[in-house]
1. Express the Stokes-Einstein translational diffusion coefficient of segment 217-285 in µm² s⁻¹, to the nearest whole number, given a Kirkwood radius over alpha-carbon pairs, 10 °C and a viscosity of 1.306 mPa s.
2. Fewest to most neighbouring Cβ within 10 Å: what's the order for Asp359, Asp353?
3. Report the full-extension gain for the segment Ser178 to Ser351: residue separation times 0.36 nm, less the Cα-Cα distance, to one decimal in nm.
4. Could you tally up the Lys pairs in segment 248-333 with alpha carbons closer than 29 Å? Skip any pair fewer than 8 positions apart unless they're on separate chains.
5. What list do you get for Tyr299, Tyr101, Tyr398 if you sort them by fewest beta carbons within 10 Å?
6. Among Thr402, Thr258, Thr99, which comes first, then next, by fewest other beta-carbon atoms within 10 Å?
7. Highest mean first, how do 160-173, 403-416, 317-330 rank when packing is the count of other Cβ atoms within 10 Å averaged over residues?
8. Post the alpha-carbon centroid distance, segment 203-262 to segment 349-420, in whole angstrom.
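Read the figures in this text as sums done on the coordinates, not as results from a lab. All of these numbers come straight from a predicted model, not from anything done at the bench. Please note: Cβ atoms are built from the backbone with ideal geometry, for glycine as well, and neighbour counts cover all protein chains shown.
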Amino acid sequence: MESGGAFAGLHLKPSYHHHQLLRPPRTAAINLLPSSSSTDKRHLSPLPLKLQKQSHFASYSCNCSINDGSAFQVASPSSATPELADIDWDNLGFGIIPTDYMYVMKCYLDENFSKGALQRFGNIELNPSAGILNYGQGLFEGLKAYKRHDGNILLFRPEENALRMKMGAERICMPSPSVEQFVEAVKATVLANERWIPPPGKGSLYIRPLLMGSGSVLGVAPAPEYTFLIYVSPVGNYFKEGMAPINLVIETEMHRATPGGTGGVKTIGNYAAVLKAQSAAKAKGYSDVLYLDSVNKRYLEEVSSCNVFIVKGNLITTPATKGTILPGITRKSIIDVARSQGFQVEERHVSVDELLDADEVFCTGTAVVVSPVGSITHLGRRVTYGSDGVGRVSKQLYSALTSLQMGLATDNMGWTVELK
Ligand SMILES: *Cc1c(COP(=O)(O)O)cnc(C)c1O
């Protein structure tokens, strides 16, 4: 699941098992709305954004514009709370559940993005010679929106995702939306899909922005046209009945990233590269793989899509992000939260020896927030952490950060963005 993205590295509780992840629950609302099918040719032009059979929905103006530049109307609740989508909110996993709208914005190489619009969620059409299909010119992002008890919707540091997408776009020669365009597009997409945001405590709306070379290109070169797209899907909380520790295996043959490569950006190609080691690890019963640096082969890098931290006494250490490690927003936030709670935090080389000698180990990423590590296996030697695998520090940091993200604690950091 974020078998692209921050969902990875994760040990899925039985209820999230694989077959379920690939299929929406039986009750998924695929059929609640006339969704555009794979053959629907209308998807590239904006549709009248009006939800049907929803009399309680009224129109309101959104800050976005349609491709002809005129302001458009998007269906939105007339009251504070729209009717919730009819799905089983108590059994949300991490499978993709189609929602009502997606956001699409395009531009040509050497130009700037403008005039994005919401359209019905559905398949997109690409030329077979699109840059993303042939040469992997693509990036993704991942963030979440939480519904608060007062009806407010909270985003967590969305401008950080925007900045990270800009950095990644620069690395693989793509134009990117401005931070403001990115954040406004995220807001518009979340509001248009408000009825898919899980009720407080049931999960969150996972937001997946994509940036891709959609134009046609035959020789290796940047594509002539780019598409920025955002889709969303409701997801459950990873830890429903307390935190479940994951079991990692250190990969000693394959590497996730190399110096000078693209490990530090969220480009799609990084994820195909981890599938083989990850699948092998899962087949042996591990939750995921912990990668080592490709030069010395003894310093920790990260998990397939999570960052890693080790705890020893009052000291928390995590590998420094120097190009081969994805600079996680959860990682960065956990560092600040830990410091504010009196921990000493260091970003530097972390050796396997140090890892195996730690009091606690945990991973961070948007999907899990903080995922405690119960065991690490290195060259056949298995080291376990804590009595039940869930260390005090992991628990404390998870609780501090999720309280902030869900709006249960006062946000003294200024990280949350309120939507309404
Ligand atoms: C997305 C991702 C992370 C976590 O980043 P967050 O911003 O915390 O979600 C860590 N490692 C990799 C490889 C990732 O793709």
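1. Answer from the Stokes-Einstein relation: 97 µm²/s.
2. Asp353, Asp359
3. Values: separation 173, 0.36 × 173 = 62.28 nm, distance 3.81 nm.
Working it through step by step, the gained length comes to 58.5 nm.
4. Taking segment 248-333 as the scope, the lysine pair count is 22.
5. Tyr299, Tyr398, Tyr101
6. Values: Thr402 17, Thr258 13, Thr99 26.
The most exposed by this proxy come first: Thr258, Thr402, Thr99.
7. 317-330, 160-173, 403-416
8. 20 Å
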